[in-house]
Amino acid sequence: MMLDDKQALISKLKKDLLSWQGVAQSLNDECTLDLGPLEKAFPNGIFPKGVIHEFVSFSRMDSAASCGFIGALLGKLMQNDGICIWIGSIQTVFPAAIKSFGVDPASIVFVSMKRERDVLWAMEEALKCQGITAVLAEIHQLDFIQSRRLQLAVEKSRVTGFILQHNPKILLATSCAARWKVTSLPSQSDDGLPGIGYPCWNVELLKVRNGSPAKGQIIWSPQGFKTFLKKDVQVTDWTYNYQNLG
């Protein structure tokens, strides 16, 4: 058997296994974001849509970095006039800053709720709306039962959900497809010019359902995501990016 035939057979077996496990994706759910080794960590090497992605942060700066990275993901997911609902008890993102990631702030509906349980209820209801591209909720703690309710909602609607946990007391087991941790790196200047450059992040996939943990350094530019090594980063100041995203 030729090498190409073996690779094709292995790829088919992997897809069959995922289908038997109930996590197969339709063609409409496939989305390549150029995340390098991070994207390869997912089943079939493709960023999964129609699932719940969980982000964890343990400081205000990490929260700002997570918001920025999620904004960049939304810039890819919402390219075809998509709509996002952003829910939280407090607003931690500066809407105008999202525009730098290719997202029209007018395409995001911001919802403010006083109680965290109301935030989760609103997210669950929003995830049932098939006409929405993505729903994001900012909370402090997520448990397995809550995450399972959200996952059941997206299995029917195929809407992509993002949960951002701010400084959780403990990281509990959840049914989310992936658990991310994003921290900021010094921004990279354009062509070596002085001043603020493009946002850079150290991104870790702590858990991937039916996949493998991974990590990498990601930079965002108007051309999209690009992976790089820390030693290649030209140090500038991250303060501007942090203030405008948090």
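Read-outs throughout are calculated quantities, based only on the coordinates presented, and are distinct from any laboratory measurement. Everything numeric here is computed off the predicted structure, so don't read it as measured data. Note: ideal-geometry Cβ built from the backbone for every residue, glycine included; neighbour counts use all protein chains shown.
What's the local net charge at ALA214, with K and R +1, D and E -1, over the other residues with C-beta under 15 Å away?
+3
When the chain is fully extended, how far beyond the present Cα-Cα distance does ARG117 get from ALA96, taking 0.36 nm per residue of separation?
Values: separation 21, 0.36 × 21 = 7.56 nm, distance 2.77 nm.
Gain on extension, ARG117 to ALA96, equals 4.8 nm.
Quick one: what are the phi-derived ³J(HN,Hα) couplings along the stretch 66-80, Karplus 6.51/-1.76/1.60 with θ = phi - 60°, whole Hz, x for glycine and proline?
Each residue of the stretch 66-80 in turn: 5, 4, x, 5, 4, x, 5, 4, 4, x, 7, 6, 9, 5, 9 Hz.
Between ILE83 and residues 5 or more places away or on another chain, which pairs have amide H atoms under 5 Å apart, with H built 1.01 Å from N, and which residues are they?
Answer set, sorted by chain and number: THR133, ALA134.
Once amide H atoms are placed 1.01 Å from N in the peptide plane, what residues at a sequence separation of 5 or more from LEU185, or on another chain, have their amide H within under 5 Å of its amide H?
CYS200, TRP201, ASN202
On alpha-carbon atoms, Rg over Rh for the stretch 48-155 using Kirkwood Rh?
Looking at the stretch 48-155, the ratio lands at 0.93.
When Lys and Arg each count +1 and Asp and Glu each count -1, what net charge do the other residues less than 13 Å away from SER147, Cβ to Cβ, add up to? Please report the intermediate quantities before stating the final value.
Values: positive: ARG148, ARG149, ARG179, LYS207, ARG209; negative: GLU54, GLU124, ASP143, GLU155.
Net charge in that neighbourhood comes out at +1.
Run the quick spin-label model on ASN80 and LEU206: label points 7 Å from Cα toward the beta carbon, then report their separation in nm to one decimal.
3.4
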